[in-house]
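Peer 1: Handing you a structure now.
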Amino acid sequence: MIPDWLHIVAWASLIVGFACAAYIALDIRRHPQHMTIMNYVWPICALFGHVLIVAFYRRYGRLAAHEIAHPAMEKKETPPHMKQTPFPLKVAKGALHCGSGCTLGDIIAESLALFLPVIAIWFGWQTLFDEKIFAVWVFDYSLAFILGIAFQYFTIVPMRGLSFGKGLVQATKADFLSLTAWQFGMYGFMAFAHFYIFAVVLNHKLSVASAEFWFMMQIAMVFGFLTSYPVNWWLIKRGIKEAM
């Protein structure tokens, strides 16, 4: 049985996440990012990162607003967001950039699988997997991968001036390891929540159609960030992924 306090905390966390995402989205309407894709990255990440993402955005994300970055670039100067953001926080932005694609992919995939259960069958439920959750994870990863590559493509191509083919190759190289590391952390916590916290401790099935499931997903995305962070550090240091 799910305790009342957990139900209240779950709903409170989801409401705060939506409020933070809405705040950033409204601010970005007034101050669009120089890199268009970041207009979507920040509010998506606020869905799970709450006030920490808001604080990060206000301190360092705002520096990358077009109205600030463009004049400096026209003067051939280093843009403020590149000059004033410490490297560890540039890595954090890179991880969040990857995580936004993962987050969006997971939200869409889990929602579609809820309303169209046949999707889980297509991805191996009742044939490859006895547990539906594993089949949905395959779908999650596939969709997150597509969106992650798209997000990375629209980052790398404008920065490097690449053709479509080369841009796609570089986007895949830059995002594959980062995305896989993120999903590894996310799946790890969701497995712990699904098979232990709810199945054993609470003796209750964790349903996608519940606030508790999406609260667990918020926490899982934090674990995804933690497992993706060192991979992004390495990718940026090697020049495979662009610092932002």
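The values are calculated or read from the model by the stated rules, or taken from the named source; none is laboratory data. Just so it is clear, the model here is predicted, and its values are computed rather than measured. Glycine gets a Cβ as well: all are built from the backbone with ideal geometry, and neighbour counts include every protein chain shown. Ligands, DNA and RNA are stripped out before the accessible areas are found, and what is left, the full protein with its side chains, is counted by its heavy atoms. Shrake-Rupley method; radii C 1.70, N 1.55, O 1.52, S 1.80 Å.
Peer 1: Tell me, rounded to the nearest percent, the portion of alpha carbon pairs in the stretch 110-242 spaced more than 25 Å apart. Numbers along the way, then the final one.
Peer 2: Details: 3171 of 8778 pairs.
When all Cα pairs of the stretch 110-242 are counted, 36 percent exceed 25 Å.
Peer 1: Would you report the distance distribution of C-alpha pairs in the stretch 137-215 as whole percents per 10 angstrom bin, up to the bin with the largest distance?
Peer 2: Distribution as computed: 17, 35, 23, 16, 8, 1 percent.
Peer 1: Given N residues in the stretch 1-108, what is Rg(Cα) / (2.2 N^0.38 Å)? Can you show the working numbers first?
Peer 2: Working: Rg = 15.8 Å, N = 108, 2.2 N^0.38 = 13.0 Å.
This ratio for the stretch 1-108 stands at 1.21.
Peer 1: While we're on this one: With a 1.4 Å probe and all protein chains left in place, how much of the accessible area of the stretch 1-154 comes from carbon and sulfur atoms, in whole percent?
Peer 2: On the way: 5550 of 7820 Å².
That share works out to 71 percent.
Peer 1: Still on this model: Any chance you could run the full-extension gain for Arg58 through Ile2? It's 0.36 nm times the residue separation minus the Cα-Cα distance, nm to one decimal.
Peer 2: Values: separation 56, 0.36 × 56 = 20.16 nm, distance 3.64 nm.
Gain on extension, Arg58 to Ile2, equals 16.5 nm.
Peer 1: Enumerate lysine pairs in the stretch 1-156 that are 8 or more residues apart or on different chains, then count those whose Cα atoms are under 28 Å apart.
Peer 2: On the way: Lys75/Lys83; Lys75/Lys90; Lys75/Lys93; Lys76/Lys90; Lys76/Lys93; Lys83/Lys93.
Lysine pairs meeting both conditions in the stretch 1-156 amount to 6.
Peer 1: I would also like to ask the following. Considering only Thr103, Thr78, Thr227, give the residue with the highest GNM mean-square fluctuation for the chain, with springs between Cα atoms whenever their separation is below 10 Å.
Peer 2: With Cα springs under 10 Å in the chain, the top fluctuation among Thr103, Thr78, Thr227 is at Thr78.
Peer 1: I'd like the accessible area for Glu77: 1.4 Å probe, protein heavy atoms, all chains in place, Å² to the nearest 10.
Peer 2: 100
Peer 1: Per 10 Å bin, what is the whole-percent P(r) computed from every C-alpha pair distance within the chain?
Peer 2: Computed distribution, short to long bins: 8, 30, 35, 19, 7, 1, 0.
Peer 1: Follow-up. What are the aspartates and glutamates whose alpha-carbon lies under 18 Å from the alpha-carbon of Lys237, with same-chain residues fewer than 8 places away excluded?
Peer 2: Partners found: Asp175.
Peer 1: To continue, here is another question. Say we join alpha carbon atoms closer than 10 Å with springs in a Gaussian network model of the chain; which of Leu116, Leu147, Leu14 then has the biggest fluctuation?
Peer 2: The residue with the greatest mean-square fluctuation here is Leu116.
Peer 1: Farthest toward the dipole's positive end in the chain, which of Leu202, Ser13, Gly148, given Cβ charges of +1 (Lys, Arg) and -1 (Asp, Glu) about the Cα centre?
Peer 2: Positive-most Cα among the choices belongs to Gly148.
Peer 1: Add -39500 (n - 2.57) for each DSSP H run of 4 or more in the chain, then divide by its residues: what number comes out at 222 nm, to the nearest 500 deg cm²/dmol? Display every interim value, and only then the final one.
Peer 2: Values: 9 runs with 179 residues, N = 244.
Rounded to the nearest 500, it is -25000 deg cm²/dmol.
Peer 1: Something else: Please report the accessible area of Ser142 (heavy atoms, 1.4 Å probe, ligands and nucleic acids excluded) in Å², nearest 10.
Peer 2: 50
Peer 1: Under a 10 Å cutoff between Cα atoms, tell me which one of Ala46, Ala144, Ala109 has the largest fluctuation in the Gaussian network model of the chain.
Peer 2: The residue with the greatest mean-square fluctuation here is Ala109.
Peer 1: Within the stretch 195-244, what whole-number % of the accessible surface is contributed by carbon and sulfur, with the 1.4 Å probe and all protein chains included in the calculation?
Peer 2: Values: 1670 of 2460 Å².
It is 68 percent, rounded to a whole number.
Peer 1: Suppose all protein chains stay in the model; what accessible area per residue would a 1.4 Å probe give for the chain, in Å²? Write down the numbers at each step before the final one.
Peer 2: Values: 12070 Å² over 244 residues.
Spelled out: the 1.4 Å probe surface of the chain, per residue, equals 49 Å².
Peer 1: Sorted by accessible area (1.4 Å probe), largest first, how do Val118, Val41 line up? Please list the in-between numbers first.
Peer 2: Numbers: Val118 65, Val41 0 Å².
Accessible-area ranking of Val118, Val41, largest first: Val118, Val41.
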